[in-house]
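Reading through the structure tokens given below for one structure.
Only the coordinates and a few stated rules stand behind these numbers; no lab work does. As the structure is a computational prediction, the values presented were derived from the model and not from experiment. Note that each Cβ is placed from the backbone with ideal geometry, even for glycine, and that neighbours are counted across all protein chains shown.
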Amino acid sequence: MILITIIQILIVLLNVLWWIVIGQVALSWLIAFNVINTSNQGVRRFLYGLEKFLDPLYRPIRKILPDFGGLDFSPLVLLLAISILSGILLPNIAMSLPPAGAS
């Protein structure tokens, strides 16, 4: 019973991480097209915080992926990994656990 609860919490945290990555990608596009001005101190701090939070997740992926010039596919790979974890692996682990009353 406790393991199923832990797996459900992990799935929720992975969903939150999914939306954080989506938000960071959208913000990077808005910055690239000069929709958001990075000279604003608040915007700069928010982007710095996102970068510091997500960079440890992107770094190992960037080491493996080849250089694509100006394109960064590490968020896409991270989103794929999150999707596989939260949609396939964790639910299958939860289903393979014995029922709470079984010994």
What size of dipole, in debye to the nearest 20, comes out for the chain about its Cα centre when the only charges are +1 on Lys and Arg C-beta atoms and -1 on Asp and Glu C-beta atoms?
-> 200 debye
Name the residue, out of SER74, SER39, SER83, whose mean-square fluctuation peaks in a Gaussian network model built on the chain with Cα pairs under 10 Å.
-> SER39
Taking only the C-alpha atoms, wrap a convex hull around the stretch 13-61 and report its volume per residue in Å³ as a whole number.
-> 81 Å³
Send over the Kirkwood Rh of the chain, from the inverse of the averaged 1/r over different Cα pairs, rounded to one decimal Å.
-> 16.0 Å
Out of ASN34, ASN92, ASN15, a Gaussian network model of the chain with alpha-carbon springs under 10 Å gives the largest mean-square fluctuation to ASN34
